[in-house]
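J.: Handing you a structure now.
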Amino acid sequence: MKPEDYDKAYLDFHLQMLSTFINRIKVQPPFSLEDCNQEDQDYLNQLIQLPHSEGSEHLIQGQYLLCRIVAAYPHLMPLLPRDLLWFFGGDCLHYMTDEEIEHFQQLDEKLQQAKHNKEAFSYEQARLNVFGLH
């Protein structure tokens, strides 16, 4: 694998997770309500556009939108994969436990080690192992 293949797989994994999250919250209040207010609709539209943004803007916007879930839509937190808090980082890390952060750090170290050694690596499988979900 080339170094960019590891990065692409990592990004693709999280973008898929983000898309799944977006699809799950579209059918939740307030977004599913017939009389959904403009502010909520604008927020959802920004979230829908997030997977299509790139670079540092992507991370900054992601941090803002995920932190807003915590503040404005706490009922949606159980639907938010913790992986996305780690992926976007910054202020999102305030909503993670030390144990979660430690697990994600281990996962990142495994990814970097595989990348350095040019070994085959499945982010999804490594994630299951680190979190004891296999």
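J.: Calculated from DSSP H runs of 4 or more alone, at -39500 (n - 2.57) each and per residue, what is the 222 nm mean residue ellipticity of the chain, nearest 500? Each step should come with its number before you reach the end.
T.: Numbers: 6 runs with 89 residues, N = 134.
Helix contribution divided over all residues of the chain: -21500 deg cm²/dmol.
J.: Quick one, which of (i) 16.0; (ii) 20.2; (iii) 16.4 is the actual Kirkwood radius over Cα pairs in Å calculated for this model?
T.: The calculated read-out lines up with (i).
J.: Another question, if that's okay. How far apart, in nanometres, would the label points at Glu4 and Glu109 be if each is projected 7 angstrom from Cα along the Cα-to-Cβ direction?
T.: Distance between the two pseudo-spin positions: 3.0 nm.
J.: Add +1 for every Lys or Arg and -1 for every Asp or Glu among the other residues with Cβ under 14 Å from the Cβ of Gln63, and state the total.
T.: Result for the local shell: -1.
J.: Treating only the Cβ atoms of Lys and Arg (+1) and Asp and Glu (-1) as charged, compute the dipole magnitude of the chain about its Cα centre; round to the nearest 20 debye. All intermediate terms of the calculation are to be shown ahead of the outcome.
T.: On the way: 10 positive and 21 negative charges, 71 e Å.
In total the dipole reaches around 340 debye.
J.: Here's something else I'd like to know. Pop the C-beta distance of Glu124 and Ala72 into the FRET formula with R0 = 30 Å and round what comes out to the nearest 0.05.
T.: Numbers: r = 30 Å, r/R0 = 1.02.
The value I calculate is 0.50.
J.: Which order do Glu124, Glu100 fall in if you start with the one that has the fewest other Cβ atoms within 10 Å?
T.: With the sparsest Cβ surroundings first, the list reads Glu124, Glu100.
J.: Something else now. I'd like the Karplus ³J(HN,Hα) series for segment 117-134: coefficients 6.51, -1.76, 1.60, θ = phi - 60°, whole numbers in Hz, and an x wherever there's a Gly or Pro.
T.: Whole-Hz 3J(HN,Hα) from phi for segment 117-134: 8, 6, 9, 4, 8, 10, 4, 4, 5, 4, 4, 4, 5, 4, 8, x, 9, 8.
J.: Under 1.5 on a/c is rounded, so check that first for segment 30-100, then, if it is not, pick prolate when a/b is larger than b/c and oblate when it is not; a ≥ b ≥ c are the square roots of the alpha carbon gyration tensor eigenvalues. Walk me through the numbers on the way to the answer.
T.: Details: a/c = 2.47, a/b = 1.35, b/c = 1.82.
Oblate.
Every read-out reported here was derived from the displayed coordinates using simple, explicitly stated rules and does not represent laboratory data. From a predicted model like this one, the values you see are computed outputs, not experimental measurements. Note: ideal-geometry Cβ built from the backbone for every residue, glycine included; neighbour counts use all protein chains shown.
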